[in-house]
Amino acid sequence: MSHTTRRTRPTLLARALGLAFGLVFGLTLAMAGPARAAAAHDYQPDYQRIEAASWQADVATLGAVSAELNALAGDGAEAALAAAYADYRLANAGLADAKRNDAAIGAALERARLRLEGLAGRAEPQQAEALAMLAGVYGLQISRSPLKGPLLGVKANQAIAEALRLAPEQPRVRLFAGISRLYTPALFGGDRALALADFDSVVAHLPRAEASAANWGLNDALLWRAVALKADGRRDEARASVQQVLDAAPQHGWAKRLLAGLR
């Protein structure tokens, strides 16, 4: 037996084993791919868990839900919007202790921004809501870094304007429009009266009987309405608006804090 033959046999054996391993690995991936896709398709976002955690500013729970949704969201518009919503709630909850939660807030807003910017250009049923929420995310990013205001402020205004064009009476579109108008300086189009009209529109188009953790926005609109009413000096009306939330959600942390500030 020659030296060439002795060297060739191990090489051929290695190649054969490598080919076999590659076939097995490829088949495994091929089988796992549809399984992962099916799992993502079958996964139903736990909106009730998101809502309850947001009432308590429970950053840990919202972080866990965000991780689940972002892992399974894929390219589906509905799942992507749910993941962005979880991150939007996570960022807001983190503001209860902004210094401690700074990194979590920043990461959540960036994830939400990327997902929502992707949805904003897609002609899907979720497009208008994605645009409106994107404006809210930009607003939170501006609050964390005011130097970004000139750039992100323009983007936020463009996003909310397009959302209103696509779905002028959609409750969550009007909710974010109201928040934007409430906090935008008057010089740049802010208007408290128009903000109140937006919040009133949400209340009118999303009655308590139809509101749910998935069909959200009513409690938010009532509380933002209270903020605007308080700024107008209409404290009794503001208290009544907050009380509607507490009647339905007695553990709502923001509602309790708002009511305490109206006494």
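Exceeding 24 Å between C-alpha atoms, which entries from my cross-link table qualify? They are Lys230/Lys256; Lys148/Lys230; Lys99/Lys148.
Working: Lys230/Lys256 15 Å; Lys148/Lys230 28 Å; Lys99/Lys148 19 Å.
In this structure, Lys148/Lys230 lie more than 24 Å apart at Cα.
Could you look at segment 96-146 and say what percent of its accessible area is carbon and sulfur, using a 1.4 Å probe and all protein chains?
On the way: 1260 of 2400 Å².
Percent of accessible area from carbon and sulfur atoms in segment 96-146: 52.
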> Just by accessible area at a 1.4 angstrom probe, what is the order of Tyr85, Tyr183, Tyr47 from largest to smallest?
Replying inline: Tyr183, Tyr47, Tyr85
>> Rolling a 1.4 angstrom probe over the protein chains, ignoring ligands and nucleic acids, what is the accessible area of Asp75 in square angstrom, nearest 10?
In response: 130
> Got a sec? Which residues in segment 61-82 would a label at Glu124 touch, if it sits 7 Å along Cα→Cβ and we count backbone N under 19 Å?
Replying inline: 66-82
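Please state the shape class of segment 73-190: rounded when a/c is under 1.5, otherwise prolate if a/b exceeds b/c and oblate if not, all from the C-alpha gyration tensor.
oblate
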> Arranged from highest to lowest average of other beta-carbon atoms within 10 Å per residue, in what order do the peptides 49-55, 101-107, 134-140, 252-258 appear?
Replying inline: 134-140, 49-55, 252-258, 101-107
> Can you list the HN-Hα couplings for segment 169-181, worked out from phi with the Karplus curve (6.51, -1.76, 1.60; θ = phi - 60°), rounded to whole Hz and with x for Gly and Pro?
Replying inline: 10, 5, x, 6, 5, 5, 4, 5, 4, x, 4, 4, 5
> Per 10 Å bin, what is the whole-percent P(r) computed from every C-alpha pair distance within segment 144-263?
Replying inline: 14, 41, 34, 11, 0
> Could you state the number of Å between the C-alpha centres of segment 206-263 and segment 89-137?
Replying inline: 22
> Tell me, what ³J(HN,Hα) does each residue in segment 211-224 have, in order and in whole Hz, if you take phi through Karplus 6.51 cos²θ - 1.76 cosθ + 1.60 with θ = phi - 60° and put x for Gly and Pro?
Replying inline: 6, 7, 4, 7, 8, 8, x, 5, 4, 4, 5, 5, 6, 5
>> Under the rule a/c < 1.5 gives rounded, and otherwise a/b versus b/c splits prolate from oblate, where does segment 39-122 land using the Cα gyration tensor?
In response: oblate
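The values are calculated or read from the model by the stated rules, or taken from the named source; none is laboratory data. Remember, predicted model here, so these are calculated numbers, not experimental data. Every residue, glycine as well, gets a Cβ built from its backbone with ideal geometry; the counts of neighbours run over all protein chains shown. The protein model used for the area step is the full one, side chains on, heavy atoms only, and it has no ligands, DNA or RNA in it. Shrake-Rupley method; radii C 1.70, N 1.55, O 1.52, S 1.80 Å.
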